[in-house]
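Novice: This is the structure I have questions about; it appears just below.
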Amino acid sequence: MPVERLTRGPGAVPRIGIVHLGLGAFFRAHGAIYIAEAMAASGGDWGIVGVSLQSPSVRDALAPQGGCYTALEQGPDGPVARVVDSVQRVMVAPEDPGAVLRLMADPAIRIVSLTVTEKGYCHEPATGRLNLNHPDILHDLAHPLPRSAIGFVVRAMQQRRARGLSPFTVLTCDNLPHNGALVAGLVTDLARRVDPALGDWIETNARFPATMVDRIVPATKPEDIAQVIALTGRNDAAPVVHEPFRQWVIEDDFVGGVRPDLGAVGVQMVADVAPYELMKLRMLNGVHSSLAYLGYLAGHETIADCMADPVLARFARGLWQDEIIPALTPPRGVDLAAYAAALEARFANPAIRHRTWQIAMDGSQKLPQRILGTLATNLATGRAVPRLSLAVAAWMTYVGGVDLRGQPIDVRDPLEARLRALSDAAPNPAARVAALLAVTEVFPADLAQALRPGVTQAMERLVAQGARAAMETVE
Ligand code: CS2
């Protein structure tokens, strides 16, 4: 018997107030759920229009479902399926960028939120500055109908200013350091190049609150779709899968103070997000990325598989205890050892099949804020960093496109061609380390110099012993 398709149920549909750029699984399993709960708790017109900046696939899946989808929580007590209804429709920006701009310039829209991944900001990860050689930025400087997320924000602000409207709040939800200030800098930089007065207007009137977002959301797999059918009796073409844990810390700085009542649903509205953000980027994402490269090279498919291997679990604990926590100042009232213990349990959740290959993607954009900041702090104080050095060496091996057994790796990274060419041209492991440390978009020159001896040694051990043994003998 054919299974019925999930559709929007009867009842009032809230009016829209948010445009979300980059409607991937993460936002659908995190921000969209909090916003649905905030509207249920306190009302408000905060319905979401999602915008896909690339492919039509999410729009095509959600349109017949009225924007609704299933969120499948995978916890220790078994799966729980819930329908999320805060997304009302999805637009595909390349099909009609003008329509997206018109919507963003509509007075009903008070917030534009973003999850466009690290590379979607078109910036240089090592400096945080706009990459003026990026093809999308070059395009957006020359054409009024943009391609990049930053371009959409700038051109929509331009239309709002021309119409005498106030700007919207730009709410970035990506794992970037000082993400609010970073996006403010990128938007005002591009705006000033379009029209200096627009840049000044944005700088004075718009708001870019910083956020820390957290929930582990692996890519949806065919077996998840089958599980949703088994649990709900409905066919959903685009469910999302997530762990029970969630956290959202937001700097409470919105245009006119206007926002959903997020505090009512457990979002931490604070004056300073930075300590939370640093803790999360370095402790969660830093260890995720370390395990992604080392775990992949050790033959582990998922993070849970890594944590089920005692050698890797011990390695992760060593990373937290000896290299990451000592270099961090905790947010007030947070016990970092307890935070690490909670992360260990989250990573070990066997129902979350989060692939090492998925986390390994776009490493050139992730390494600086996840790993290199901790390395810089430790090297400045003379603390030993054998595990993080091994993680950097594993990344360098990974982006060479061939694993330690000679098997090809499907590397996905905006710099992949260059990283591969540098790696191929290096006659030996030490030369490969030197060549990759010279990639200044990733490694600032002074840090590269300080890292070289330790990473070279780590690389030699990695090549000689293999990933698992190198982790086992690290000290
Ligand atoms: C992961 C993150 O894919 C990755 O790079 O490290 O998506 C991670 O799962 C989230 O930041 C958790 O909040």
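The values are calculated or read from the model by the stated rules, or taken from the named source; none is laboratory data. What you are looking at is a predicted structure, and each value in this text was computed from that prediction instead of being measured. Please note: Cβ atoms are built from the backbone with ideal geometry, for glycine as well, and neighbour counts cover all protein chains shown. Heads up: the accessible areas ignore ligands, DNA and RNA and are worked out on the full protein's heavy atoms, side chains in. Shrake-Rupley method; radii C 1.70, N 1.55, O 1.52, S 1.80 Å.
Novice: Among the listed residues Ala71, Ala40, identify the single one that is in the same structural domain as Leu262 (by TED's automatic domain parsing) and open to solvent by 10 Å² or more (accessible area, probe 1.4 Å).
Specialist: Selected residue: Ala40, the only one of Ala71, Ala40 that is in the same structural domain as Leu262 (by TED's automatic domain parsing) and open to solvent by 10 Å² or more (accessible area, probe 1.4 Å).
Novice: Report, by residue number, each residue of the range 406-422 that is touching a helix residue (DSSP H, G or I) at 6+ places or on another chain (Cβ under 9 Å) and aliphatic (A, V, I, L, M).
Specialist: Across the range 406-422, the qualifying residues are Ile409, Val411, Leu415, Leu419, Leu422.
Novice: Shifting gears a bit: Give the range 252-268 a look and list any residue that's surrounded by fewer than 23 Cβ atoms within 10 Å (Cβ to Cβ) and either at positive phi or under 20 Å from the mean Cα position of the chain (by Cα) (or both), or say none.
Specialist: Matches in the range 252-268: Gly256, Gly257, Gly266, Gln268.
Okay, residues lined up against (1) open to solvent by 10 Å² or more (accessible area, probe 1.4 Å); (2) charged (D, E, K, R); (3) over 20 Å from Ala32 (Cβ atoms):
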{"site": "Arg193", "(1), (2), (3)": "yes, yes, yes"}
{"site": "Ala206", "(1), (2), (3)": "no, no, yes"}
{"site": "Pro218", "(1), (2), (3)": "no, no, no"}
{"site": "Glu223", "(1), (2), (3)": "yes, yes, yes"}
{"site": "Thr232", "(1), (2), (3)": "yes, no, no"}
{"site": "Ala237", "(1), (2), (3)": "yes, no, no"}
{"site": "Val240", "(1), (2), (3)": "no, no, no"}
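Novice: Report yes if Glu301 is under 23 Å from Pro76 (Cα atoms) and either within 15 Å of the ligand (Cβ to nearest atom) or touching a Cys at 6+ places or on another chain (Cβ under 9 Å) (or both), otherwise no.
Specialist: It is true that Glu301 is under 23 Å from Pro76 (Cα atoms) and either within 15 Å of the ligand (Cβ to nearest atom) or touching a Cys at 6+ places or on another chain (Cβ under 9 Å) (or both).
Novice: Got at least one residue in the range 402-409 being in the same structural domain as Thr302 (by TED's automatic domain parsing), closer than 17 Å to Ala327 by Cβ, open to solvent by 60 Å² or more (accessible area, probe 1.4 Å) and without any contact (Cβ under 8 Å) to a residue 40 or more places away in the chain?
Specialist: No - not one qualifying residue is present in the range 402-409.
Novice: Every residue in the range 352-398 that is among the hydrophobic types (A, V, I, L, M, F, W, C), within 15 Å of the ligand (Cβ to nearest atom) and not in a helix (DSSP H, G or I), please.
Specialist: Listed by number, the residues that qualify are Ile352, Met361.
Novice: Residue check: is Gly263 assigned by TED's automatic domain parsing to the domain that holds Pro218, within 29 Å of Gly180 (Cβ to Cβ) and modelled with pLDDT of 95 or more?
Specialist: In short, yes.
Novice: Looking only at strands (runs of 3 or more DSSP E) that lie completely in the range 189-285, which have at least 3 residues being more than 14 Å from the ligand (Cβ to nearest atom)?
Specialist: Ranges flagged: 268-270.
Novice: How many residues are more than 15 Å from the chain's Cα centre (by Cα) and charged (D, E, K, R) if we restrict to the range 269-284?
Specialist: 1
Novice: Exactly one condition in (1) at negative phi; (2) within 26 Å of the chain's Cα centre (by Cα); (3) open to solvent by less than 60 Å² (accessible area, probe 1.4 Å); (4) touching a residue at least 12 places away in the same chain (Cβ under 8 Å) is false for Ala448; which is it?
Specialist: (4)
Novice: Looking only at helices (runs of 4 or more DSSP H) that lie completely in the range 73-181, which have at least 2 residues being β-branched (Val, Ile, Thr), modelled with pLDDT of 95 or more and more than 24 Å from Glu37 (Cβ to Cβ)?
Specialist: 149-162
Novice: Residues of the range 292-312 being in a loop (DSSP other than H, G, I, E, B) and either assigned by TED's automatic domain parsing to the domain that holds Ile216 or surrounded by fewer than 21 Cβ atoms within 10 Å (Cβ to Cβ) (or both), which ones?
Specialist: Residues satisfying the conditions are Gly299, Glu301, Asp309.
Novice: Which residue out of Ser166, Ser148 is among the polar types (S, T, N, Q), open to solvent by less than 20 Å² (accessible area, probe 1.4 Å), on the phi < 0 side of the Ramachandran plot and not assigned by TED's automatic domain parsing to the domain that holds Glu416?
Specialist: Answer to the selection: Ser148.
Novice: Among all residue pairs at least 6 apart or on different chains, which show Cβ distances below 7 Å where the first residue, located in the range 181-202, is in the same structural domain as Ser166 (by TED's automatic domain parsing) and of a type in the set (S, T, N, Q) and the second is assigned to a helix (DSSP H, G or I) and open to solvent by 20 Å² or more (accessible area, probe 1.4 Å)?
Specialist: The qualifying pairs are Thr188/Glu203.
Novice: Just the residues that are touching a residue at least 40 places away in the same chain (Cβ under 8 Å), of a type outside the set (Val, Ile, Thr) and farther than 16 Å from Gly78 by Cα, please, taken from the range 212-227.
Specialist: Across the range 212-227, the qualifying residues are Met212, Asp214, Arg215, Pro218, Ala219, Lys221.
Novice: Something else now. So Gly263 fits all but one of (1) closer than 16 Å to Gly31 by Cβ; (2) in contact (Cβ under 8 Å) with a residue 60 or more places away in the chain; what number is the exception?
Specialist: Of everything listed in (1) closer than 16 Å to Gly31 by Cβ; (2) in contact (Cβ under 8 Å) with a residue 60 or more places away in the chain, Gly263 misses just condition (2).
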